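Working notes, beginning with the structure itself.
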Amino acid sequence: MGAGCFVSTGRSLDAAVERVKLAEELGYEAVYVTHISGREPFIVLAAYALATQRIRIGTGVTPIYTRTPANMAQTAITLDELSGGRLNLGLGVSHRPVVEGWYGNTIDKPVREMKEYAGIVRAIARGDEPPAGEKWQTGFRLAGVDPRPDLRIYVSALSPAMLRAAGEIGDGVVLWLCNPEYIERVVVPEVTKGRERAGKSLDGFDVVAAVPAAVTPDPEAAWDVQRRDLVPYFSLPFYRAMIERSGFEDDVAAFDAAGANPEKISDRFLQALTAVGDEAAVREGVERYRAAGATSPCVGPIPKTDFEATLRAASPAAG
């Protein structure tokens, strides 16, 4: 646990690998890859693992409906072995347009299905018999490879119910668009309930919070770019519910009334969410997340800004 970052490949895998090497040199504890419609994330993480020695690698996150739990376990076990035990396997349910439109699958009962899926993956990683499931059934058992009982499984969560599930079944939770106030007021209390349900404390549980960040002399320009990137999220039900729950229902209403106009996403929302400005402002923005309960605030790039400068400003050695 500690400061992390998101490094996706963009247009160049080679450039991304060099950026990950820089992150390791700067003392970052973990690097995450998002699951989008570009390069396959586990292959990307393999490239990151082979180019580094210490930094943890993780999916931030991959949808559980993209592959069976047996295939996910097999992939994760192999990558954890390849990286020397450095994998944080981040799992999420994603959204119906992605799950149905891209992968031809269905989200029926997301919390129940996440618990079932993660339970099967964890059992296989331990070398145990997979539990019987309702959505997924498998008799897969490892052969010819040692189990990975310490494989870390992180769960993406927004709603109170999924946050409780993350605390109950996961080693960590991965957050996106959750500002510090929401982390303090909703995330930490709900995750704590899940940990208590499992007879565990918060000790060792990782709260990974994505922090859109940019070192820039023009915060307004960076926010304008970020606004456009947020349009899909303001249009997805799971995110809309979380944004409203976090006290920005007026932003959602204005966005809708203006025909999904990004200009209606307020400065107040962006100021709460991001770490933007000079180096001191970026560090202060990251620390707001840490003070709210994020054990691993993870900076991510805002397009059209210098992310390497941002990585240097927010690095554990900075300030």
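Any read-out appearing in this document is the output of simple, stated calculations on the displayed coordinates, not a laboratory observation. Here the structure is a predicted model, which is why all the values come from computation and not from measurement. All Cβ positions, even for glycine, are placed from backbone atoms using ideal geometry, and neighbour counts span all protein chains on display.
What the table below lists for this structure:
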| read-out | value |
| --- | --- |
| Proximal charge balance of Trp223 [Cβ under 12 Å; K/R count +1, D/E count -1] | -2 |
| Cα-derived Rg to Rh of region 178-311, Kirkwood definition | 1.00 |
| If the convex hull is drawn through the Cα atoms of the chain, its volume per residue in Å³ | 125 |
| Region 100-107 - phi-based ³J(HN,Hα) in whole Hz, Karplus 6.51/-1.76/1.60, Gly and Pro as x | 7, x, 8, 10, x, 10, 9, 9 |
| Reference-scaled alpha-carbon Rg (2.2 N^0.38 Å with N residues) for region 28-187 | 1.01 |
| Karplus-derived 3J(HN,Hα), 6.51/-1.76/1.60, for each residue of region 30-36, Hz, glycine and proline x | 8, 10, 10, 10, 7, 9, 10 |
| Fully extended contour minus Cα-Cα distance, from Ala51 to Gln271, at 0.36 nm per residue | 75.7 nm |
| In degrees, nearest ten, helix 188-197 long axis to first principal axis of the chain (Cα) | 10 |
| Summed residue charge, Cβ within 15 Å of Ala254's Cβ, Lys/Arg positive, Asp/Glu negative | -3 |
| Contour excess over end-to-end distance, with Cα ends at Phe140 and Glu181 and 0.36 nm allotted per residue | 10.5 nm |
| Where labels lie 7 Å past Cα in the beta-carbon direction, separation of Asp203 and Arg67 in nm | 3.5 |
| Charged-residue dipole, Cβ positions (Lys, Arg, Asp, Glu), the chain about Cα centre, Debye nearest 20 | 760 |
| Using θ = phi - 60° and Karplus 6.51 cos²θ - 1.76 cosθ + 1.60, couplings along region 198-208 (whole Hz; Gly, Pro as x) | 8, x, 10, 9, 6, 4, x, 7, 9, 9, 8 |
| Amide hydrogen neighbours beyond the local backbone of Arg56, cut-off 5 Å, H modeled | Ala30, Val31 |
| Expected 222 nm ellipticity per residue - DSSP helices of 4 or more, -39500 (n - 2.57), all of the chain, to 500 | -13500 deg cm²/dmol |
| Cα-centre dipole for region 31-133 with unit charges at Cβ (Lys and Arg positive, Asp and Glu negative), debye to 20 | 300 |
| Chymotrypsin sites (Phe, Trp or Tyr not before Pro) restricted to region 80-120 and DSSP loop, no more than 15 other C-beta within 10 Å | Trp102, Tyr103 |
| Amide H partners (placed H, <5 Å) of Gly300, local residues excluded | Phe6, Val211, Ala213 |
| Count of lysine pairs in the chain with Cα separation under 22 Å (8 or more residues apart, or interchain) | 7 |
| Loop-located trypsin sites (Lys or Arg not before Pro) in region 229-319, at most 15 other Cβ atoms within 10 Å (DSSP) | Lys304 |
